[in-house]
1. Between a residue in the range 204-217 that is closer than 10 Å to residue 121 by Cα and of a type outside the set (A, V, I, L, M, F, W, C) and any residue that is open to solvent by 60 Å² or more (accessible area, probe 1.4 Å) and at pLDDT below 55, which pairs come within a Cβ distance under 6 Å, given they are 6 or more apart or on different chains?
2. Read through the list (1) at pLDDT 85 or above; (2) surrounded by 10 or more Cβ atoms within 10 Å (Cβ to Cβ), then give the number of the only condition that residue 29 fails.
3. Would you mind telling me which numbered condition in (1) part of a helix (DSSP H, G or I); (2) farther than 23 Å from residue 207 by Cα residue 113 fails?
4. Here is a check on your reading of the model: is residue 83 over 20 Å from residue 47 (Cα atoms), open to solvent by 20 Å² or more (accessible area, probe 1.4 Å) and not basic (Lys, Arg)?
5. So which residues in the range 98-114 are in contact with a Gly (Cβ under 8 Å, 6 or more places away or on another chain) and surrounded by 22 or more Cβ atoms within 10 Å (Cβ to Cβ), if there are any at all?
6. Checking the structure you have, find out if any residue of the range 117-124 is over 14 Å from residue 206 (Cα atoms) and touching a residue at least 12 places away in the same chain (Cβ under 8 Å).
7. Of all residues in the range 190-203 being open to solvent by 20 Å² or more (accessible area, probe 1.4 Å) and touching a residue at least 24 places away in the same chain (Cβ under 8 Å), which is farthest from residue 80 (Cα to Cα)?
8. Scan the range 129-188 residue by residue and report those that are assigned to a helix (DSSP H, G or I) and surrounded by 18 or more Cβ atoms within 10 Å (Cβ to Cβ).
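The values are calculated or read from the model by the stated rules, or taken from the named source; none is laboratory data. This structure is a prediction, so every number in the text was calculated from the model and none was measured. Counting neighbours? That spans all protein chains shown, and the Cβs are built from the backbone with ideal geometry, glycine included. Remember, those area values only see protein heavy atoms, side chains included, never the ligands or the DNA or RNA. Shrake-Rupley method; radii C 1.70, N 1.55, O 1.52, S 1.80 Å.
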Amino acid sequence: MRFSKPQPLTFTTGFPGLPSAHRPKAGAYRHRAREFRASLRRKAQLRKAAEVIPHLPGPGESLHTLLTGYFDFTLVLTCVLRSRTAPGAHARIATLSFGPKNTQEMARWLDEHLVGRLTLLCADFMARASPKVYQGAVKELVEQRGQAVGSARCHAKVVTLAFADGLRLSFEGSANLRTNRNMENLCVVNDPGLHDWHAAWIDQKVREHEIDQSGSRATG
C-alpha cells in the first residue's frame, strides 16, 4: 500500500471552522476588551464615589466633603441620583470643563430617566479649546435628547438637583465634572432658596448662550 505524503501541520488561534468572512476581526476584540475594562473601571469608581456622600443632608443642613481625584464628579452625582426614589430630576450644571466620559454619563442619566431635564453651562474657553468635546455634548444632549447646553465666561462649579418629591440640593465646590487627579472640596446644601438662586442664574446664562437643536447659537 502506498501512503500519500501528509500535509504539513498548521496552527491557528482563529476560528478554523468559520468561513473567513464570518470570523471576528482582531479590531473588534480589542474594542470589546477596551469596553469591558472601561466598564470594570466605572463600577469600581462608582463604589468609591458612593462613599463621598454617605447620606444626604437634611432640610437646612449642609454636608462638607472631599473628592480624592480617583473618579469624576459626575459619578458622585450618579450615585446621588440613583439613591432617590423620585426620578425625573432637573439637573443644572455649571462647570469650567468636562470630558467625553462626562457627556456619556449625563446621557445615561437621561436614558435611564434619572433626570428628566438637563441644563449644562461650561466656560467658553473650554468650548474654544476643546471644540470636538463641546460639539460632542451638543450632539448627544441637544440634538439627540433635546436638552440645553451653552458656553459663556464662567468659572463657577455648581450643580443643582430639583427632584419631583420637592427635594432641592445644591453642590458647590472646586471640582469640574471631570477629575484632574487633584483633591477637590465639595459642599452639598439642602435648601430650596439656595437651589433656586443658583438655578436662576444658570438658566439665564444658558438661555443667553445656548446651542439650539438646529446648531445655531443664541445671541444674548
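1. 209/220
2. For residue 29, the failing item is (1).
3. Exception for residue 113: condition (1).
4. Details: over 20 Å from residue 47 (Cα atoms): no; open to solvent by 20 Å² or more (accessible area, probe 1.4 Å): yes; not basic (Lys, Arg): yes.
Criteria not met by residue 83.
5. Within the range 98-114, 103 is the sole residue that qualifies.
6. The initial filter retains those residues of the range 117-124 that are over 14 Å from residue 206 (Cα atoms), namely none.
No, the range 117-124 has no match at all.
7. Filtering the range 190-203 down to residues open to solvent by 20 Å² or more (accessible area, probe 1.4 Å) leaves 191-194, 196-197, 200-201, 203.
Filter once more, so that each one left must be touching a residue at least 24 places away in the same chain (Cβ under 8 Å): 191-192, 194, 196, 203.
Values: 191: 16, 192: 17, 194: 18, 196: 19, 203: 22 Å.
The qualifying residue farthest from residue 80 (Cα to Cα) is 203.
8. Within the range 129-188, the first condition is being assigned to a helix (DSSP H, G or I), and the residues that meet it are 129, 131-143.
Selection gives 133, 134, 137, 138, 140, 141, 142.
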